[in-house]
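Notes to accompany the following structure.
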Amino acid sequence: MSVLPDLHLHYVQACQNLSQPENPFIARVLQEADKNGEISTKGITLKLAGNNHLVPVPRVTDDDLGVLVSVLGQAAFVTGLDLAYNVLTDAGAKTMATFLQENSTLRYLNLMFNDIGTSGAELIAGALHRNQTLVHLRMTGNKIGNQGGMFFASMLEINSTLEKLDLGDCDVGLKCLVAIAIALTQNKSLKAINLNRPLLSTQQEETTVHIARMLRSNSSLVELHLSKHEMKNFGVERLCEALYKNSSLRYLDLSCNNITCDGVKFLGELLKKTQTLEILDLNANRIEDVGAIYLSEALLTWNRSLQALSIVSNNITGKGLVSLAQTMQFNVQISHIYIWGNKFDKDTCVEFSELIETGRLKPGCTDVTPYRVDGEVFLAELSHGLAKHRYWAPRCDAVAPSAANASLEIVTVSEY
């Protein structure tokens, strides 16, 4: 049974009992939570991230976490825990693993960018063999390495509850990616996975081949991030071949790879013949005008499923950008497009200015905004994009969750 909403009092008592000094940051967050009128009827997320503060805060340590989980053990109304950007180590991971094995209410856990290593990853992955409540886990930026990633691959063969797993920037390697791909051929619960920036020692794209093979048989995965995989046109072709047989994937992130217009030709053909993908991220590749025109042709006549497209920093000039802008006049399904970092000319500025000023393209759904100097229109940058909230989230709720968000709410896995 849950205790009454008095987290701060229980925290002070726990600190005294364990002879542990109070962390003023934790104390303040718990005091704020106690003021929440819906705390006992509606699950809440404790936001203890160490990076979202104008005034520096004492970051959560392993000892702090030990006290905190002793308080949360009987607080069933706490369904989310955001511990990103703190100084937790493998010792903290051990504490959290024990909590996950005993806790039956936590649904969201964010441990991104702490100091958890391979042994900590083993403990947390091991806890998820038995945990049946956690649906969203973020391990981003913890240097768990290839072996640490292997523990999560093994977990995916057993766990049937987790829906969203983030292993981006974790220094995983070839064996880990292959093992995860194999596990996902059988796993039926995972809906989203982030495998960004692995450490690969080969140029043969074996990982892409295995992931493509997985996509042929997987029917549950909705969101897939493959940024910084050194993927080339060969890999894109393998993925597209697999996606003809896949009816579930709606968000494909291929940003920061080595994809050229030849690779985008395969994506264009895929978009012509399937109506599944809703978000396509090609940020920081080199598709150029030819690639942009391939996409325009597919979106103009055939495809009516794609809603968001990012082509930031792709060496596209006015010819390709104008083609996409004109396509949006006919394809009203596209609601988000990101184009900054390309080569704008006068026609580009005019076309996108018209889209924005007529309301066809909402200001929160693109990364440019028009302005005029001496009667001539130009485009300035807005800090929007598909990855806007991938590494940080505002503490307040002033930002609409779908406005330029990492996944535009495409996966129905909430942090709350």
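The values are calculated or read from the model by the stated rules, or taken from the named source; none is laboratory data. Quick caveat, the model's predicted, so the values are computed rather than measured. Every residue, glycine as well, gets a Cβ built from its backbone with ideal geometry; the counts of neighbours run over all protein chains shown. All accessible areas refer to the heavy atoms of the entire protein, side chains included, with ligands and DNA or RNA removed. Shrake-Rupley method; radii C 1.70, N 1.55, O 1.52, S 1.80 Å.
A simple spin-label model places pseudo-atoms 7 Å from Cα toward Cβ; at residue 301 and residue 317 they are separated by 2.6 nm. Our helix-only sum for the chain, with -39,500 (n - 2.57) per DSSP H run of n ≥ 4 divided by its residues, gives a mean residue ellipticity at 222 nm of -11000 deg cm²/dmol. Couplings for the range 142-150, taken from phi via the Karplus curve 6.51 cos²θ - 1.76 cosθ + 1.60 with θ = phi - 60°, read 7, 7, 7, x, 5, 5, x, x, 4 Hz in order; Gly and Pro are left as x.
Between 0 and 90 degrees, the angle of helix 174-184 with respect to the longest Cα principal axis of the chain falls at about 90 degrees.
Computed over the range 20-96, relative contact order equals 39 percent, with contacts defined as Cα pairs under 8 Å that lie 6+ residues apart.
Rolling a 1.4 Å probe across all protein chains gives residue 191 an accessible area of roughly 60 Å². Across 323, 313, the residue with the most accessible area heads the list, and the full order at a 1.4 Å probe is 313, 323.
Take every pair of alpha-carbon atoms less than 8 Å apart whose residues are at least six positions apart; their mean separation over the length of the chain yields a relative contact order of 9 percent. Heavy-atom accessible surface of residue 289, to the nearest 10 Å², is about 30 Å², with a 1.4 Å probe and all protein chains retained. To the nearest ten degrees, helix 318-330 and the longest principal axis of the Cα atoms of the chain are 80 degrees apart.
The long axis of helix 233-243 is offset from the longest Cα principal axis of the chain by roughly 70 degrees. Given the choices (i) 1.05; (ii) 1.22; (iii) 1.51, Cα Rg over 2.2 N^0.38 Å derived from the coordinates of this structure is entry (i).
Defining a contact as two alpha carbons under 8 Å apart and six or more residues distant in sequence, what relative contact order in percent does the range 258-402 show?
That works out to 18 percent.
For the chain, the dipole from Cβ point charges (+1 on Lys and Arg, -1 on Asp and Glu) about the Cα centre works out to 780 debye, to the nearest 20. Where both bridge residues fall in the range 39-381, DSSP classifies roughly 15% of the beta bridges as antiparallel. Bridgeable lysines around residue 265 (alpha carbons under 26 Å apart, same-chain partners fewer than 8 residues away excluded): 228, 232, 245, 273, 319, 343.
The slack in the chain from residue 53 to residue 245, taken as 0.36 nm per residue of separation less the alpha-carbon distance, amounts to 64.5 nm.
Would you mind working out the accessible area per residue for the chain, using a 1.4 Å probe, and quoting it in Å²? Value for the chain: 42 Å² per residue.
Computed from backbone phi with θ = phi - 60° and the Karplus coefficients 6.51, -1.76 and 1.60, the 3J(HN,Hα) list for the range 296-305 is 4, 4, 5, 7, 6, 10, 9, 8, 9, 10 Hz; x is used for glycine and proline.
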